[in-house]
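Engineer: Mind looking over this structure? Questions follow.
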Amino acid sequence: MQASALKNEAISLFDSLSESKLLTVIQFVRFIAQQPESDFSAASREERDLHDIEWINANADRLNAEVEESLEFQADIWEDEE
């Protein structure tokens, strides 16, 4: 979508909002503008994904034990209902 078409669509959307909804949008835009810049590049995403995988692998035994405990608890509940 071209910038001018996007601009016109945004203006139409804002014109259709009630005053309270428009104030909410303005507050949201101000909130987003105050946030630190994020790097959403593919390299950044790949680095973050690798970090997440390392964390999951480092905690796999504990995470698996928690899931197993949850599943056993759920199985106990289902057995009680039968």
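Quick note: the coordinates plus some simple rules give every number you see, no bench work behind them. Owing to the predicted nature of the structure, the values given are computational and were not obtained by experimental measurement. When we count neighbours, we look across all protein chains shown, and the Cβ atoms used for this are built from the backbone with ideal geometry, even at glycine.
Engineer: Sort out which residues of the range 8-39 are among the aliphatic types (A, V, I, L, M) and within 23 Å of the chain's Cα centre (by Cα), and write them in order of number.
Structural biologist: Result: V25, I26, V29, I32, A33.
Engineer: Go through the range 47-58 and give me each residue that's acidic (D, E) and over 17 Å from the mean Cα position of the chain (by Cα).
Structural biologist: E47, E54
Engineer: May I ask you to list the residues in the range 41-70 that are surrounded by 10 or more Cβ atoms within 10 Å (Cβ to Cβ) and not in a helix (DSSP H, G or I)?
Structural biologist: Within the range 41-70, N59 is the sole residue that qualifies.
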